[in-house]
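J.: Here it is, the structure, as structure tokens.
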Amino acid sequence: MTNIKKIITILSFLLLFGCGYEPIHSIKKNEKNYNFSIQEINFLTPKNINKIVSNRLKNYINSENYTKKFILKIDINVNKSITSKSKQGNPEIFSMEINLNLEVLKNNISKSKINFKETFEYNNQSNKFDLKQYENNIQNNLLNKITDDIIKHLYLL
């Protein structure tokens, strides 16, 4: 019985390590699949959320091996609104909308202008600290979706 357990354990390790798992946004993966590089990112509005986008795109900045080199101009707007109120007038449901306007330049010539938009609705919480943390998580998730769309768009140019 113990020999069977040892064999199953060894086989499961071999299967796990032989599956070829690779992170989606790893540098090796980028070098294989993407044929572009980002020379520069210019944010038109000074906000702290710009750091989230620039961190997500940092693997694509100044890669020397590619002939497609882009300059990005990015304008981000975050709108939080109340979509539903209680009978007493207290907010019950919020909506967060992120609009990102992207202009792609190649050799100082505009190649593309596109708008990315993501929206999410969520319920109010009694603890305002937890609500703020939840809103930050929502904002990060929406920006991650948008940056994935930016990468796909740049790949297709």
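J.: Please work out if SER126 is without any contact (Cβ under 8 Å) to a residue 12 or more places away in the chain and in a loop (DSSP other than H, G, I, E, B).
T.: The answer is yes for SER126.
J.: Evaluate the range 38-45: report whether one residue or more is at pLDDT 85 or above, touching a helix residue (DSSP H, G or I) at 6+ places or on another chain (Cβ under 9 Å) and farther than 17 Å from TYR155 by Cβ.
T.: The answer is yes; a qualifying residue exists.
J.: A further question follows. Within the range 32-68, count every residue that is farther than 26 Å from ASN136 by Cα, among the β-branched types (Val, Ile, Thr) and surrounded by fewer than 16 Cβ atoms within 10 Å (Cβ to Cβ).
T.: Summing the residues that are farther than 26 Å from ASN136 by Cα, among the β-branched types (Val, Ile, Thr) and surrounded by fewer than 16 Cβ atoms within 10 Å (Cβ to Cβ) in the range 32-68 gives 1.
J.: Can you tell which of ILE71, ILE138, ILE146, ILE151 is surrounded by 15 or more Cβ atoms within 10 Å (Cβ to Cβ), in contact with an Asp or Glu (Cβ under 8 Å, 6 or more places away or on another chain), of a type in the set (A, V, I, L, M, F, W, C) and not in a strand (DSSP E or B)?
T.: ILE146
J.: ASN99 fails exactly one of the following numbered conditions: (1) within 20 Å of LEU142 (Cβ to Cβ); (2) of a type outside the set (D, E, K, R); (3) assigned to a strand (DSSP E or B); (4) at pLDDT below 95. What is the number of that condition?
T.: Here ASN99 meets the rest and fails (4).
J.: Looking at the range 95-111, which of its residues are exposed (fewer than 15 other Cβ atoms within 10 Å of the Cβ) and within 15 Å of LEU157 (Cβ to Cβ)?
T.: If the condition is that a residue be exposed (fewer than 15 other Cβ atoms within 10 Å of the Cβ) and within 15 Å of LEU157 (Cβ to Cβ), then ASN107, ILE109, SER110, LYS111 are the ones that fit.
The values are calculated or read from the model by the stated rules, or taken from the named source; none is laboratory data. Treat the numbers as computed from the prediction; the structure is a model and nothing was measured. Cβ atoms come from the backbone with ideal geometry, glycine included; neighbour counts cover every protein chain shown.
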